[in-house]
Every structure is written in C-alpha cells, then in structure tokens.
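Heads up, the thing below is written out as structure tokens.
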Amino acid sequence: GAAELGPYRHYMQKEIFEQPRAIADTLEGVQGIVPELFDGANAAAWRVFKNIDKVLILACGTSYYSGLVARYWLEDIAAIPTQVEVASEYRYRTSVPDPRTLVVTISQSGETADTLAALRHAKKLGMQHTLTVCNVATSAMVRECELAYITRAGVEVGVASTKAFTTQLAGLFLLTLALAQSRGRLSEEQEAQHLQALRHLPVALQGVLALEPLLISWAEDFARKENALFLGRGLHYPIALEGALKLKEISYIHAEAYPAGELKHGPLALVTDQMPVVTVAPNDQLLEKLKSNIQEVRARGGVLYVLADADTRIASSEGIHVIRMPEHYGVLSPLLHVVPLQLLAYHTACARGTDVDKPRNLAKSVTVE
Ligand code: G6P
C-alpha cells in the first residue's frame with residue numbers, strides 16, 4: 001500500500017533507491033570467494049566447476065542483459081568461453097550441445113516460462129550442470145537447477161526491473177571470481193581487491209543516486225522526444241541496451257541501443273536534433289574510440305547526453321550535456337552506470353504521466369509463452 005512507499009512516488013523509484021541496501025544484503029556473509037557460495041540443494045558447486053569447460057547463459061528481458069555483462073567478466077577474468085542466449089530463441093533452435101557446459105539461468109522471478117523451458121531443453125540435450133542466479137528461493141528455477149545463487153534484492157514490485165538487475169550483476173561477478181579461482185586464475189591479492197571493490201559498492205551507489213536532480217533535468221528534454229539512441233562499448237554496451245529498454249518500457253519512447261562502433265553502419269542516418277543520443281562513456285581503454293563516435297553525432301546536429309567518469313576529459317559544450325560519475329570503478333562499473341539510466345527513464349516517464357509501476361501491455365512475470 002501507499003504507506004510502504006515512504007517518501008517515494010512509485011515503487012520503481014523506491015526500488016532504484018534501495019539498490020545500495022540490496023547489494024549490501026547480497027554480499028552479506030561473503031567472507032571470501034569459495035565455490036560453496038553457489039551450492040544448491042542438489043549438488044556441491046566445486047565438483048560441478050571442475051567438470052565444465054564453458055558457460056551457456058539463458059535468460060529474458062533485463063536478466064538477459066545482466067548475462068551479456070557477465071560474458072565479458074567470464075571471458076576476461078575466468079577465461080571461460082561463454083555464450084549468452086535469449087531463452088525463447090534457444091529453446092526452439094537446433095544447437096550443438098556439449099555436456100561439459102555450465103548452463104546458467106538468470107531470473108528475478110524464477111518462473112519465466114521461456115527461461116524454464118530453455119533450461120529443460122538444455123537438460124534434455126544432455127547438459128546436466130545447471131546453476132541459477134535468482135531472486136526467489138522457492139521458485140521452480142531454483143528447484144530445477146543443481147546449483148543456485150539467491151540474490152537478496154527483496155520483493156520487486158515495479159514491472160521495470162532495477163534492483164534485481166544490479167543484484168544479479170553482483171551474483172554473476174561472484175560466480176566469475178569463483179570460476180576463476182577453481183581454475184587457479186585468482187591470486188589472493190586479486191581476490192582481496194575484488195572483494196574490497198564489491199564491498200565499497202553500496203557507498204559508490206549512494207554517490208550515483210545523489211545525481212538524481214541532474215537526471216531530472218535531462219528527463220525534461222527526453223519527455224518531449226519520440227526517439228532516443230543509446231551508445232556504449234564493451235562492458236557498457238549491455239548497459240546501453242538496458243537503458244534503452246527502461247526508457248521503452250515505462251515512457252513509451254522508441255529507444256534503440258548500439259555498440260558505438262556500429263553507429264556508422266546504420267543508425268547515424270537517423271541522427272538529427274530530434275534524436276537525443278545517450279553515451280555511456282567510462283574511462284576505459286575504448287574511450288578514445290567513443291570520443292570520435294561522439295564527434296560523428298555532433299557533426300550531424302545530434303544532441304549528446306554523456307555519462308562520463310570523474311577523470312574522463314569530456315566537457316559540456318553546445319549540444320553536449322555531461323554528467324560526471326563520482327568514481328571510476330573498473331570492471332564493476334556497469335553496476336554504477338546503469339543507475340543514472342534507470343533514473344532517466346523513471347523521470348522521463350513521470351514527466352509524460354505514464355503508469356510507471358504498471359506500464360501498458362507488460363507483466364512483471366511472464367509465466368506463459
Ligand atoms: C518481464 C519483466 C522484466 C523481466 C523479464 C524476465 O518481461 O517485465 O522486467 O526482465 O520478464 O523476468 P525474470 O523474472 O525471468 O527475470
């Protein structure tokens with residue numbers, strides 16, 4: 001009821017602001033990186049981790065995008081070949097099964113029909129090693145997987161997923177570290193550094209949430225547009241996808257995301273002063289390339305909304321609006337960069353007067369095909 005909303009206007013806003021707490025809860029009790037973090041009712045994780053050579057991630061919607069982030073981590077940090085597939089596609093296509101695969105499903109509800117069907121399909125193809133990153137411990141997904149990691153986002157009411165996404169990312173990062181460790185690829189020093197970065201996330205997230213007034217002013221511009229483009233590169237391409245999805249879901253603005261290098265292969269043709277372009281631009285090794293993508297947009301009259309790091313040298317100027325993130329966060333940066341995009345979608349929807357928590361035509365949990 002209304003009482004539970006406290007100072008917030010909608011559940012979505014409340015859930016965005018709950019993220020520091022949700023991440024802290026998800027990490028509580030994590031003393032070190034051990035496979036046991038992923039033990040399920042049906043098996044011990046260390047035995048499973050020793051018997052796999054690759055990972056296949058299956059999910060839908062926002063959970064699929066957390067899988068796309070995890071692929072970068074799994075290949076970069078754990079050196080495990082990783083494939084990510086939309087569950088509704090995987091379940092119906094002919095694929096080449098490998099029994100030495102860890103099948104990872106990601107689901108907030110644990111009841112999404114397509115994701116459950118994809119899991120059953122993978123098992124039928126002979127892949128018995130299964131793990132779920134899931135927010136509901138009593139769900140069908142948890143029952144049907146060997147191993148599980150239960151995120152502690154708490155109940156998520158808003159149809160557009162927010163805190164479930166960031167807690168999934170925290171769980172998938174821990175999974176990456178546990179797999180790296182089981183392969184002798186994680187030194188004690190690296191383990192300590194990663195754990196420290198994870199533990200600092202709630203504080204870092206508070207710093208990002210404090211940017212809300214700046215996103216409210218961006219949202220005033222977006223509310224008057226009918227299209228938007230989101231660009232990212234590398235680890236932040238999935239964050240661009242998630243930002244576009246959030247905007248579509250609740251503000252009904254048509255939004256697309258592209259890996260920035262693909263701009264010249266099509267979407268550049270759409271750029272006018274009526275097409276705001278959001279750029280996720282943390283200071284990683286792809287920054288210089290991203291800066292030239294920004295110039296390409298400017299040269300065509302496009303207006304840029306750039307999420308930059310504390311130390312990114314991009315200044316606000318005519319047609320370029322910059323919000324600087326308080327901290328540079330290395331490989332965990334997607335967890336921080338998604339938050340301003342959630343706030344942008346939320347405040348754009350508010351400005352347009354849509355039903356934020358219950359957008360038209362969408363359901364929180366899709367339990368039928
Ligand atoms: C629906 C929800 C999305 C969610 C997706 C997958 O479309 O509206 O927010 O990402 O289902 O749900 P799951 O519970 O499997 O994560």
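Please work out if Val159 is under 21 Å from Glu242 (Cα atoms) and not in a helix (DSSP H, G or I). Spell out how you get there, then give the answer.
On the way: under 21 Å from Glu242 (Cα atoms): yes; not in a helix (DSSP H, G or I): yes.
It is true that Val159 is under 21 Å from Glu242 (Cα atoms) and not in a helix (DSSP H, G or I).
Quick test for you: out of Thr162, Thr151, pick the one residue that is within 30 Å of Gly319 (Cβ to Cβ), hydroxyl-bearing (Ser, Thr, Tyr) and either crowded, with 21+ Cβ neighbours inside 10 Å or touching a Gly at 6+ places or on another chain (Cβ under 9 Å) (or both). Spell out how you get there, then give the answer.
On the way: Thr151 fails: within 30 Å of Gly319 (Cβ to Cβ).
Only one candidate qualifies: Thr162.
List every residue pair whose Cβ atoms lie under 8 Å apart, where the two residues are 6 or more positions apart in sequence or sit on different chains, the first residue falls within the range 284-297 and is more than 18 Å from Ala315 (Cβ to Cβ), and the second residue, located anywhere, is hydroxyl-bearing (Ser, Thr, Tyr) and part of a helix (DSSP H, G or I).
From residues that are more than 18 Å from Ala315 (Cβ to Cβ), the pairs are Asp284/Ser333.
Conditions: (1) crowded, with 21+ Cβ neighbours inside 10 Å; (2) touching a residue at least 60 places away in the same chain (Cβ under 8 Å); (3) not in a helix (DSSP H, G or I). Ser63 meets all but one. Number of the miss?
For Ser63, the exception is condition (3).
Among the residues of the range 126-135, is any in contact with a helix residue (DSSP H, G or I) (Cβ under 7 Å, 6 or more places away or on another chain) and in a helix (DSSP H, G or I)?
Filtering the range 126-135 down to residues in contact with a helix residue (DSSP H, G or I) (Cβ under 7 Å, 6 or more places away or on another chain) leaves 129-135.
From what is left, the residues that are in a helix (DSSP H, G or I) are none.
There is no residue in the range 126-135 that is in contact with a helix residue (DSSP H, G or I) (Cβ under 7 Å, 6 or more places away or on another chain) and in a helix (DSSP H, G or I).
Looking at (1) within 16 Å of the ligand (Cβ to nearest atom); (2) surrounded by fewer than 21 Cβ atoms within 10 Å (Cβ to Cβ), which one does Pro97 not meet, given that it meets all the others?
The single condition Pro97 does not satisfy is (1).
Give, as residue ranges, the helices (runs of 4 or more DSSP H) completely inside the range 163-277 that count at least 2 residues that are aromatic (Phe, Trp, Tyr).
163-182, 212-222
May I ask you to list pairs of residues, at least six apart or on different chains, whose Cβ atoms are under 9 Å apart, with the first in the range 81-110 being assigned to a helix (DSSP H, G or I) and the second being surrounded by fewer than 16 Cβ atoms within 10 Å (Cβ to Cβ)?
Ser88/Glu369
Checking the conditions here, which among Val203, Val157 is within 14 Å of the ligand (Cβ to nearest atom) and either aromatic (Phe, Trp, Tyr) or more than 15 Å from the chain's Cα centre (by Cα) (or both)? First the steps, then the outcome.
On the way: Val203 fails: within 14 Å of the ligand (Cβ to nearest atom).
Just one listed residue meets the conditions, Val157.
Please state which one of Thr138, Thr176 is modelled with pLDDT of 95 or more, out of contact with any Pro (no Cβ under 8 Å at 6 or more places or on another chain) and within 29 Å of Lys358 (Cβ to Cβ).
Only one candidate qualifies: Thr138.
From the residues in the range 136-154 that are near the ligand (Cβ under 10 Å from one of its atoms) and assigned to a loop (DSSP other than H, G, I, E, B), which one is farthest from Tyr11 (Cα to Cα)? Steps first, please.
Filtering the range 136-154 down to residues near the ligand (Cβ under 10 Å from one of its atoms) leaves 136, 139, 141.
Filter once more, keeping what is assigned to a loop (DSSP other than H, G, I, E, B): 136, 139.
Numbers: Val136: 19, Ser139: 23 Å.
So, considering only residues that are near the ligand (Cβ under 10 Å from one of its atoms) and assigned to a loop (DSSP other than H, G, I, E, B), the one farthest from Tyr11 (Cα to Cα) is Ser139.
Return the residue satisfying two criteria in turn: it lies in the range 100-116 and is β-branched (Val, Ile, Thr) and farther than 21 Å from Ala153 by Cβ, and of such residues it is surrounded by the fewest Cβ atoms within 10 Å (Cβ to Cβ). Break it down into steps so the answer makes sense when it comes.
Step one: filter the range 100-116 for residues β-branched (Val, Ile, Thr), giving 101, 103-106, 112, 115.
Going one step further and asking which of them are farther than 21 Å from Ala153 by Cβ, we end up with 101, 103.
Values: Thr101: 22, Val103: 26.
For the range 100-116, the residue satisfying everything is Thr101.
Take the residues in the range 65-118 that are out of contact with any helix residue (DSSP H, G or I) (no Cβ under 8 Å at 6 or more places or on another chain) and among the hydrophobic types (A, V, I, L, M, F, W, C), then tell me which one is farthest from Arg185 (Cα to Cα).
Ala113
Please specify each residue of the range 1-31 satisfying the condition of being assigned to a loop (DSSP other than H, G, I, E, B), of a type outside the set (Val, Ile, Thr) and surrounded by 12 or more Cβ atoms within 10 Å (Cβ to Cβ).
Tyr8, Arg9, His10, Glu18
Which residue, of Ala87, Ala78, Ala43, is within 14 Å of the ligand (Cβ to nearest atom) and of a type outside the set (Ser, Thr, Tyr)?
After ruling out the rest, the residue left standing is Ala87.
Please determine whether any residue of the range 61-71 is within 16 Å of the ligand (Cβ to nearest atom), farther than 30 Å from Leu209 by Cα and not polar (S, T, N, Q).
No: zero hits.
The values are calculated or read from the model by the stated rules, or taken from the named source; none is laboratory data. Bear in mind that the values here come from a model prediction, so they are computed numbers and not experimental data. Here the Cβ is made from the backbone with ideal geometry for all residues, glycine too, and neighbour counts use every protein chain on show.
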